[in-house]
Each structure stands twice: as structure tokens, then as C-alpha cells.
Amino acid sequence: MNPLSSTPLALRSNDLSRRSLLATTAKSLLGVGLMPSMEHLFSSKAFAVGEGSATQKQVATARNVIFLYMSGGQSHLDTWDVKPDNKEVMGPTKAIKTSADGVQISEYLPRLAKQGHHLCLLNAVATNTAAHEQANYFMHTSFGLRSTIKHPGLGAWLSFFQGSGNPALPAYVYVGNDSRHPGAGFFAKKHGPLMVNNPEAGLQNVKPQNGVTEDRFALRRDIAQALDAEFVSTHPNRNVKAYSDMYDDAVRLMRSEDLTAFDLTKEPEELRKAYGKESFGQGCLLARRLVEHGVRFVEVSLGSWDTHVANFISTPKLCDTLDQAMATLLSDLESRGLLESTMVVVASEFGRTPKINQNQGRDHYPVFSCVLAGGGIQGGQKYGSTTKDGSGVESGKVSPVDINATIGYALGLPLDQVIYSPTKRPFTVADKGQPLVHLFS
């Protein structure tokens, strides 16, 4: 049967908008709504590997990354970089001991204190801006925010160099809500994250619409391919092929048994409660399920850390959510033999001021803390320190680009390999960042 024989003449018209057709085919022809936005797809040009650039990779210590992003600027002084002898800086927040000798953290993180032997605290991270959007972008990409180019996130670099750990699932998943996420940057869209807004809802729109049988689904796909055939043959470039490949990826995912990785109802209710029933806790549980099924990079976001007002009311609540979810995640990964191969990262765009403002809040500050665990990192240590009042770096200063280089190093990414963007500009995974190799066991 000719798949075009029953297609209205209007759909075969050369006047039909190709952009409109391609943007709506996944939903209206295939009867699904899985595909991400194709915006800018056809305006992108090819990028290339720089000639003569180094290709040798270090031996990877981690296969997966679970990146826990504290959106809004986490107060490092009320979490990881406590100053027990300075009440003026700490306010009502107190320090407690951890399971690691000589390492203290905030009293708001009691469960993680028991996991201190897994944690590596980086307490002297300094960024180049204290503005949310710019610092968020810098933390995710290692590059400054520009209007002329969009840089890839670290998960996109991993997908580009190493591909997916499971051909039926994406290499990169983001759990949360952030329309400003850099995603694939200048890479093909397939290297960007699959966005999951609600971890408890599972992956939406991955089944044909009601009444769409397997045969009808196949027919609709044949129609879509036939409609695209002339355009594809006329424009044999990588971006058109990437669009076609995304259809294939969508169908492969829909038919994969590994789709169950997104279904949290498969987990015991007791474990789900242990992670915390908030979206962040369930997102961390989803992250563990995804890495088990071969997803290499999962980011889970926890927002509302912008505590200009009532810091000592908001921060303990946020810490409780983080504490419960992350402590359970570390224990869960360890019990399944996954912590050694999975690096868990806690990061934010910047920290909060040592000075407590008139509204009992803390304002933006370009010095903060990050945490690494698993994936070859030696736990039970802290690296770097700030001054007694927390106002500056005393030793061990690192930048977000160094943290990204450290994550890339653990994954075995070629940190010095040059990739040229569509505008022919050279880029590497973490710009000029240097991996903190001494942190590894």
C-alpha cells in the first residue's frame, strides 16, 4: 500500500511548511508527545574535532554521575563550611561531628554526618560572579554566558564523547524545572538531557494515543517518512539526519523494556519513604534507578536556596530534604555496589554572605562549597578552607571549572581535546579547569 494514497492533497503540497510539519509530526502523526523542542535545529552547523588535539584519556574511576544541584545559591556556612567558634557568622546554626575524623558539618544535616566517611568537602570554591543566571551557567558549562553561543552542559560532553550506556535510554536526564538549563549547547540535540519535571509521574506521552493500534502507528510513521523523503534527500546534512534519528530514538524508547526505569512504583514503599516524598527525594530515587539501567548522567535539582530573608527558617527545611534524600541515596548506591562507579556531586551557583542581613537572611556571595562522593573519590576529607569569618579563601582555592574538570577526569573524558563549535571556535570539556587528582583514592 502506498502510504501517501490516503493522505490529503494539502499534506503533499510543496507549499506545506516544512518547519511546521517537522515540529508537529511526533505528536500529530505518531500520536506521541515525547520529542523535545527542535528549536534552532536547522540553523546549527557542524562542529569538528580539532586537528592535532590530544585524544588520550585518563583511566576512568566513575561510570556515572548523579549531580545534585542546589538552585538559588546554597548557604555554605549553614551546611558544609561551619564556623563553630564564630557565633556572629553562624547565627543559631551549630556544627556537629561526622563519621570522618576532624570533619564537621551543620546540625541541619544529621543523616549525612553519619555518611561523612563517604564525603569530600570542597570548602573554598570561588566563582567569578554572584548573579544567578551567569553563575548557574558557569557552574554547568565552565564558560561565561554569551548571547552568541550556547555551551554544552557536562552531561552533553559525556554523551558526545562516550554515548549512552543503554542504547534504548538517553545518556543524560534532568529531573526538575529549569528552562535556562544549557542542555546540549552547540552539540546535536540528541546529546541534551531528557527533561523530567515530575519524577513520580514517570515518563509521559510514551504510549500511542487511545485507538492507535500498532499497525496504525506503523502506518503513520511510514507516512511521516514518505513525506520527509524528498526533503531529506535534498538536504543531506547532519541536522536533518539528527531529526530523523530522534524519531528512531523515541520509538526505541517506547518499545524498550528499560522504560520501567522511570516507574517509581516498582520500588518498595518503605524505600520511597526513606528518600523523602518531596520531588527532590523521589528524583534522587529515580536517579538511582536510571544509573542502574545505564543512564550515565542524571541531574536532580533542589531549588529555593535564595535565602535573602529568614535564612534560619528556610535553610533547615531545605537541608532536611537534602539530608534525607542524599543520605539514603549514598546508602542505597553502596548497598547495590554502585557507589564505587557513581560519583555523587552537590553543587550550587554561589554561596551566601557571612554577614547576616537585617532580615535574618544571607545575600549572594561568590565563595561557597561543593561536595563529592563515590566514583573513586577518597571520602572522609575536606579540601580548602575559608577564613575564620568565612569572608575569603584561606587555602585550596578551586573554581567551578576545576570541579567540572574533576568530574570529567573521573569519567575518563579527554579534557584537552579541542572541539570546534559551529562558529569555528575551539572549546574543551572544562575550559582551563584542572582536575583535582589528589582527591582520588
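Things to note:
- Within region 382-423, tally of residues that are acidic (D, E) and in contact with a Ser or Thr (Cβ under 8 Å, 6 or more places away or on another chain): 2
- Restricting attention to region 109-129, the residues that are under 17 Å from T315 (Cβ atoms) and surrounded by fewer than 23 Cβ atoms within 10 Å (Cβ to Cβ) add up to 3.
- Filtered residue count, region 424-441, keeping only those that are free of Cβ contacts under 8 Å to residues at least 40 places away in the same chain, farther than 19 Å from F297 by Cβ and touching a Ser or Thr at 6+ places or on another chain (Cβ under 9 Å): 3
- G153 meets the stated requirement of being within 15 Å of F297 (Cβ to Cβ) and buried (at least 18 other Cβ atoms within 10 Å of the Cβ).
- Residues satisfying the stated conditions in region 314-334, i.e. surrounded by 22 or more Cβ atoms within 10 Å (Cβ to Cβ) and touching a His at 6+ places or on another chain (Cβ under 8 Å): L330
- Cβ-Cβ distances below 6 Å connect the following pairs, each with a first residue in region 333-356 that is closer than 21 Å to N128 by Cβ, a second residue that is of a type in the set (V, I, T), and a separation of six or more residues or different chains: V346/V371; F350/T127; G351/V367; P354/V89.
- Restricting region 281-328 to residues that are part of a loop (DSSP other than H, G, I, E, B) and of a type in the set (S, T, N, Q), the residue that is farthest from the chain's Cα centre (by Cα): T307
- Test: G185 is buried (at least 17 other Cβ atoms within 10 Å of the Cβ), in contact with a helix residue (DSSP H, G or I) (Cβ under 7 Å, 6 or more places away or on another chain) and farther than 30 Å from K397 by Cβ: no
- Residues of region 329-364 that are among the acidic types (D, E) and in a loop (DSSP other than H, G, I, E, B): E349, D363.
- Some residue of region 392-406 being surrounded by 18 or more Cβ atoms within 10 Å (Cβ to Cβ), among the basic types (K, R) and touching a strand residue (DSSP E or B) at 6+ places or on another chain (Cβ under 8 Å): no
- Where strands (runs of 3 or more DSSP E) sit wholly within region 70-164, those with at least 1 residues that are farther than 17 Å from V393 by Cβ, among the hydroxyl-bearing types (S, T, Y) and modelled with pLDDT of 95 or more occupy 104-106.
- Some residue of region 241-252 being modelled with pLDDT of 60 or more and out of contact with any Cys (no Cβ under 7 Å at 6 or more places or on another chain): no
- The one condition in (1) more than 23 Å from L439 (Cβ to Cβ); (2) modelled with pLDDT of 95 or more; (3) surrounded by fewer than 19 Cβ atoms within 10 Å (Cβ to Cβ) that D178 fails to fulfil: (2)
- Region 269-280, subset in contact with a strand residue (DSSP E or B) (Cβ under 9 Å, 6 or more places away or on another chain) and in a helix (DSSP H, G or I), residue farthest from M326 (Cα to Cα): S279
- Taking region 64-117 as the range and being within 24 Å of L339 (Cα to Cα), of a type in the set (K, R) and free of Cβ contacts under 8 Å to residues at least 60 places away in the same chain as the test, only K97 passes.
Residues checked against (1) under 20 Å from the mean Cα position of the chain (by Cα); (2) farther than 30 Å from K87 by Cα:
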residue: S335; (1), (2): no, yes
residue: R352; (1), (2): no, no
residue: G379; (1), (2): no, no
residue: G390; (1), (2): no, no
residue: V393; (1), (2): no, no
residue: S421; (1), (2): no, yes
residue: P426; (1), (2): no, yes
residue: G433; (1), (2): yes, yes
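The values are calculated or read from the model by the stated rules, or taken from the named source; none is laboratory data. The structure presented is a predicted model; accordingly, all values stated were derived computationally and were not measured. Counting neighbours? That spans all protein chains shown, and the Cβs are built from the backbone with ideal geometry, glycine included.
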